[in-house]
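Student: Let me give you the structure first, and then I'll get to my questions.
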Amino acid sequence: MANLQTRLRQLGSVDALLRHGEVQPWLAAYPHELVVEALRQALDAVRAVILAGGDYPGAKAVLALAEERLQAQLRPTLQSVINATGVILHTNLGRAPLSEAVLEAMQQAGTGYSNLEYDLDMGQRGSRHVHAEALLCRLTGAEAALVVNNNAGAVLLALSALAQGREVILSRGQLVEIGGGFRIPDVMAQSGARLVEVGTTNRTYVDDFGAAMGPDTAALMRVHASNFRIEGFTHQPALAELAELAHSRGCLLLDDLGSGTLLDTAPQGLPHEPTIQESVAAGADLVTFSGDKLLGGPQAGMLVGRRDLIARLRRFPLTRALRVDKTTLAGIQANLLHYLMGEALQQVPVWRMLSMDVDEIARRGRVLLDGLGGLADGCQQQEGRSMIGGGSLPQESLPTMLVVLPMGTATELARQLRAGDPPIVARIHEERIVLDLRTVLPHEDVRLLQRLRDVLA
Ligand SMILES: *Cc1c(COP(=O)(O)O)cnc(C)c1O
């Protein structure tokens, strides 16, 4: 082996590599400094190998490494993944996948100009707030509606605009932490409203609210316990009871539904998740919910309720900071249309997954195993559960059929599945990798098979 100095000299310099024939097309295609950076990184990496006693691998190897680095710099960090976890509303994986119609609407709105804030009848400035409003009102029975960036923003906005410097009364059983640091008491503090806790962790009565109300009370609030369940000796007042109490004393009733759904979940074999229509009908003055949980659309927060309150919210300065863009509004409208047309179960991906038959999941699993051929040795199908996730139907699950991968080092296999293109995020169950096809979009089955073939080969 050549001595260290000789091997380091063989390595050459960035300048020398910039003159290399293979690098010329890169210089024509990519910004100069990105090419220089990639070459430098490659040289650094190889130098470290040589210093550790390794051989100079040759210019071709250095250039291959540089090309890899160049591609890595250009690759977006946000990329598509295959969700094989069986968690339908997986917040870390982007929650709701969108329907074709929603994507088309978003593309249309984004490609050109639109009447986002322009009144075409009058030929003058209009309001972006009108766009999803009519559909939201029709579907929920509310008088008025407002869309903001997400439900955390919707809750903060409602409290800030309607209860700043005053009291909001909430049951001790509903002082929820949603995740990502969103805690109802902190949001309350941020809004400038004063939290008044009543009742106990497990039992709160309407009289507890009544006893705590005073001249400074702006609102009673209910927060849906979206990610936990208190069982046993429990009680919470019905929303209609709270509405009656609030209104008899000149106060508001705010209802944070969290997920919010327009469709009943019971026909899917799940417990009943409170619907937005029920909250409006029960007399809540303002109801807040997410656009990308069970609604299954783009990320957004929606507020529906009394016309005068929505009008106040629109004038409140924070609203400007929470506003959504044109592509989001276009997507929300297209998503709500699926509900209006009565086609949500077929067209909204989240609902298609929720209502997918176990036999269909098992059939796709068999096709996958058949496609693996000899590589399927040690793989099998096994009954399991899919989770709803995303702050709706806590602890609830649906029966599914899992594809179980062979014994082996599950964490290593999981790493390999995540490392490729597209990355596959799976679940580990009893030290084996399991794939739940309920959350794999049907058009992704082929790519999933391809990746599995590569990893298991
Ligand atoms: C999820 C959730 C939120 C936050 O909604 P985002 O759209 O994620 O901002 C607020 N309140 C409740 C009860 C929730 O479940």
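Student: Positive end of the dipole of the chain, charges at C-beta (+1 Lys, Arg; -1 Asp, Glu), about the Cα centre: which of Leu220, Gly181, Gly390 has its Cα farthest in that direction?
Tutor: Gly181
Student: Ok, one more. Please return the longest range in the chain lying between exposed loop sites, taking GluC sites (Glu not before Pro), DSSP loop only, at most 10 other beta-carbon atoms within 10 Å, and leaving the sites out.
Tutor: Numbers: sites that count: Glu231, Glu430, Glu431.
By the stated rule (loop sites, at most 10 other Cβ atoms within 10 Å), 1-230.
Student: Starting from 0 in steps of 5 Å, tell me what percent of the Cα-Cα pairs of the stretch 198-298 lands in each bin.
Tutor: Using 5 Å bins, I get a P(r) of 2, 12, 21, 22, 20, 13, 7, 3, 0, 0 for the stretch 198-298.
Student: What length, rounded to one decimal in nm, is gained on full extension from Ile428 through to Asp44, with 0.36 nm per residue of separation minus their alpha-carbon distance?
Tutor: Working: separation 384, 0.36 × 384 = 138.24 nm, distance 3.73 nm.
Taking 0.36 nm per residue and subtracting the Cα distance, the gain is 134.5 nm.
Student: Taking the Cβ of Val198 as the center, what net charge do the other residues with Cβ under 15 Å away carry, scoring Lys and Arg +1 and Asp and Glu -1? Write out the running numbers ahead of the final one.
Tutor: Working: positive: Arg172, Arg194, Arg203, Arg222, Arg249; negative: Glu167, Glu197, Asp207, Asp208, Asp216, Glu241.
Surrounding charge for Val198 is -1.
Student: Here is a follow-up. Would you work out the relative contact order for the chain, in percent, from Cα pairs under 8 angstrom that are 6 or more residues apart? Can you show the working numbers first?
Tutor: Details: 807 pairs, mean separation 85.8, N = 457.
Here the relative contact order equals 19 percent.
Student: Can you work out D for the chain in µm² s⁻¹ from Stokes-Einstein, where Rh is the Kirkwood radius over C-alpha pairs, the temperature is 25 °C and the viscosity is 0.890 mPa s? All intermediate terms of the calculation are to be shown ahead of the outcome.
Tutor: Numbers: Rh = 25.6 Å.
Rounded, D is 96 µm²/s.
Student: Let me ask another. Give me the dipole magnitude in Debye, nearest 20, for the stretch 2-74 about the Cα centre, with unit charges on the beta carbon: positive for Lys and Arg, negative for Asp and Glu. Let's see the in-between values first.
Tutor: Numbers: 7 positive and 8 negative charges, 50 e Å.
For the stretch 2-74, the charge dipole is close to 240 debye.
Student: Enter the Cα centre distance for the pair the stretch 103-164 and the stretch 276-334, rounded to the nearest angstrom.
Tutor: Result: 8 Å between the Cα centres.
Student: Ok, one more. Measure off 7 Å from each Cα along the Cα-to-Cβ vector at Thr77 and Tyr30, then give the distance between these two points in nanometres to one decimal.
Tutor: With each label placed 7 Å out from Cα toward Cβ, I get 1.8 nm.
Student: Using every Cα-Cα pair within the stretch 98-347, state what percent have a distance larger than 27 Å. List each step's numbers first, then the result.
Tutor: On the way: 10946 of 31125 pairs.
Distances greater than 27 Å cover 35 percent of the Cα pairs.
Student: Which ordering of Thr265, Thr411, Thr327, Thr439 is given by a fewest-first count of other beta-carbon atoms within 10 Å?
Tutor: Numbers: Thr265 22, Thr411 11, Thr327 19, Thr439 27.
Going from least to most buried by this count: Thr411, Thr327, Thr265, Thr439.
Student: Restricting to Cα pairs below 8 Å that are 6+ residues apart, what does the relative contact order work out to for the stretch 98-347? Please round to a whole percent. All intermediate terms of the calculation are to be shown ahead of the outcome.
Tutor: Values: 468 pairs, mean separation 67.1, N = 250.
Over the stretch 98-347, the number comes to 27 percent.
Student: Place +1 on the Cβ of every Lys and Arg and -1 on the Cβ of every Asp and Glu in the chain, take the dipole about the Cα centre, and give the residue among Asn335, Leu354, Leu70 whose Cα lies farthest towards its positive end.
Tutor: After comparing all options, I get Leu70.
Student: By counting other Cβ atoms within 10 Å of each Cβ, how are Arg166, Arg320, Arg7 ranked from fewest to most?
Tutor: Listed from fewest to most nearby Cβ atoms, that is Arg320, Arg166, Arg7.
Student: Positive end of the dipole of the stretch 98-347, charges at C-beta (+1 Lys, Arg; -1 Asp, Glu), about the Cα centre: which of Gly258, Leu270, Leu195 has its Cα farthest in that direction?
Tutor: Leu195
Student: With Cβ to Cβ distances under 15 Å as the rule, what net charge do the other residues near Ala240 carry (K, R +1; D, E -1)? Display every interim value, and only then the final one.
Tutor: On the way: positive: Arg222; negative: Glu241, Glu244, Asp255, Glu278, Asp285.
Value of the local net charge: -4.
Student: Let me ask another. Mind checking the dipole of the stretch 1-160: about its Cα centre, +1 per Lys or Arg Cβ, -1 per Asp or Glu Cβ, Debye to the nearest 20? It would help to have the intermediate numbers written out before the result.
Tutor: On the way: 12 positive and 15 negative charges, 138 e Å.
For the stretch 1-160, the charge dipole is close to 660 debye.
Student: Given Cβ point charges of +1 (Lys, Arg) and -1 (Asp, Glu) and nothing else, what value in debye, to the nearest 20, does the dipole of the stretch 145-290 about its Cα centre take? Please list the in-between numbers first.
Tutor: Numbers: 8 positive and 16 negative charges, 53 e Å.
With Lys and Arg at +1 and Asp and Glu at -1, about 260 debye.
Student: Here is a follow-up. Taking other Cβ within 10 Å of each residue's Cβ, how do Phe209, Phe233 sort, fewest first? Before the final figure, lay out the partial values.
Tutor: Values: Phe209 26, Phe233 7.
Ranked by crowding around the Cβ, least crowded first: Phe233, Phe209.
Since every read-out is calculated from the coordinates, none of them should be taken as a lab result. Remember, it's a predicted structure, so these values are computed and weren't measured experimentally. Because the Cβ atoms are built from the backbone with ideal geometry, glycine has one as well, and the counts that use them run over all protein chains shown.
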